Amino acid sequence: MSVRRLAEEQFQPASFAFSEENAAWVEATIRKYPEGRQQSAVIPLLMRAQEQDGWVTRATIEHVAAKLDMPYIRVMEVATFYTQFQLKPIGTRAHIQVCGTTPCMLRGAEELIKVCQHKIHHDPLQPNADGTLSWEEVECQGACVNAPMVIIFKDAYEDLTPQRLEEIIDAFEAGKGDEIKPGPQIDRHLSAPVGGAVTLNDDIKPVRTNLEPQPAPVDAASVPPADAAHPKDTAPETDPKLKTPVTAPKAAENNVKAAEAEASGAAKPEPAKAAPVAKSEKPSLEDKNRPQGIDKPAEVDDLKLISGVGPKIEATLHELGIYTFAQVSSWKKAEREWVDGYLNFKGRIERDDWLKQAKALAKGGEAEYIKVFGKKPR
């Protein structure tokens, strides 16, 4: 990216101020942002100032910085980074930005640049002798389908030829730029294909889907007699794209037969029932591996400090006679597996390492837990 600097001192005005109308707009724009976020309005304010004076001066940057309570250098960074901000005087009637990115270059952008050099100035960003016109080459302007193109202020002029660009430049030079219609300069609607749309026209018949029966011409000589035997192993018709059987005609035939059977009072076949999903059974409370419970003590440990234990799990543990960290920390492998199965945890006790957590909490409470795990429990 080229280095962008402010214009020389000889071009810089001594001060800047928004017009009365623009000042009201600026205040309304700043109020759109939450308290403390008003600096987000820097780009809209700089753009409004450029629209007022034609370019962004040093005085403009200082004024916007003071208005938004921003360091001067921050506003300077924005103005010099974004190429839509002009840092020196440009044409008062038209500043032509010629897109020079690959699609436009392949479609004749170089010829458009030659037109600008011939009719305005050889060098970019240099106004003509009257100060009314200027030009520059820019990067992609987002209308590659309509290449080549230029942007003049806020309007795009697309599908250009060198001759048409000369006419547009002459119109702006004469102060008649508003008579030129922006957009494609050929017989094209927006970005539609040249010559008009070629799809979804009334002249094109709709394409049948593979769910519709395909009519075929009938040859009387080829129609088999009514009592002719039907082949048994004929492969079903398939859709060449989806590679799946075309089943709609057969399905329609089955629906007709089902309706006839219902009308005649025939019993409907019972739909097949899905096999019940087997549920895993809890281990028995009488199992020898069930941890030994105790009567509820006067002081009950907060088992919810163990990662993986919530209020519901804690209540279940209490029902099993588990009230203290010491009980949990003493569980053998078989006992942990029994509790894991009873809670339907699927290995969570081992993954969360309840044993290590309970040992730390039983030894020294939260302080010991932090010492072991480096964080507070839960």
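The values are calculated or read from the model by the stated rules, or taken from the named source; none is laboratory data. Quick caveat, the model's predicted, so the values are computed rather than measured. Note: ideal-geometry Cβ built from the backbone for every residue, glycine included; neighbour counts use all protein chains shown.
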Q) So TYR33 fits all but one of (1) assigned to a helix (DSSP H, G or I); (2) not assigned by TED's automatic domain parsing to the domain that holds GLN126; what number is the exception? A) (1)
Q. Within region 40-53, which residues are surrounded by fewer than 18 Cβ atoms within 10 Å (Cβ to Cβ) and in contact (Cβ under 8 Å) with a residue 12 or more places away in the chain?
A. ILE43, PRO44, MET47, GLN52, ASP53
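Only one of these is surrounded by 14 or more Cβ atoms within 10 Å (Cβ to Cβ), at pLDDT below 90 and part of a helix (DSSP H, G or I): LYS304, LYS312. Name it.
Numbers: LYS312 fails: surrounded by 14 or more Cβ atoms within 10 Å (Cβ to Cβ).
Residue meeting the stated conditions: LYS304.
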**Q.** All positions within region 106-127 that are buried (at least 17 other Cβ atoms within 10 Å of the Cβ), in contact (Cβ under 8 Å) with a residue 24 or more places away in the chain and under 22 Å from ARG164 (Cβ atoms)
**A.** ARG107, ALA109, LEU112, ILE113, VAL115, CYS116, ILE120
**Q.** Failed item in (1) in the same structural domain as GLY175 (by TED's automatic domain parsing); (2) under 24 Å from GLN12 (Cα atoms); (3) out of contact with any Asp or Glu (no Cβ under 7 Å at 6 or more places or on another chain); (4) assigned to a loop (DSSP other than H, G, I, E, B), with PRO124 passing the rest
**A.** (3)
Q. Picking from GLU9, GLU35, GLU27, which residue would you name as being over 26 Å from GLN141 (Cα atoms) and more than 33 Å from the chain's Cα centre (by Cα)?
A. GLU9
Q: Of the conditions (1) within 21 Å of GLY364 (Cβ to Cβ); (2) in contact with a helix residue (DSSP H, G or I) (Cβ under 7 Å, 6 or more places away or on another chain), GLY310 clears all except one; give me its number.
A: (1)
Q: Scan region 359-378 and report the pairs whose first residue is within 21 Å of ILE322 (Cα to Cα) and whose second residue is of a type in the set (Ser, Thr, Tyr) and assigned to a helix (DSSP H, G or I), with Cβ atoms within less than 8 Å and a gap of 6+ or a chain change.
A: LYS359/SER329; ALA360/TYR369; LEU361/TYR369; ALA362/SER329; PRO377/TYR369
Q: Name every residue in region 315-358 that is touching a residue at least 40 places away in the same chain (Cβ under 8 Å) and aromatic (Phe, Trp, Tyr), in order of residue number.
A: TRP331, TRP338, TYR342, TRP354
Q.
I'd like the residue in region 139-164 that is within 23 Å of LYS88 (Cβ to Cβ) and at pLDDT 90 or above and, out of all such residues, is surrounded by the fewest Cβ atoms within 10 Å (Cβ to Cβ).
A. ASP155
Q: Kindly list the number of the only condition in (1) of a type outside the set (Gly, Ala, Ser); (2) in a loop (DSSP other than H, G, I, E, B); (3) more than 16 Å from ILE168 (Cβ to Cβ) that fails for VAL145.
A: (2)
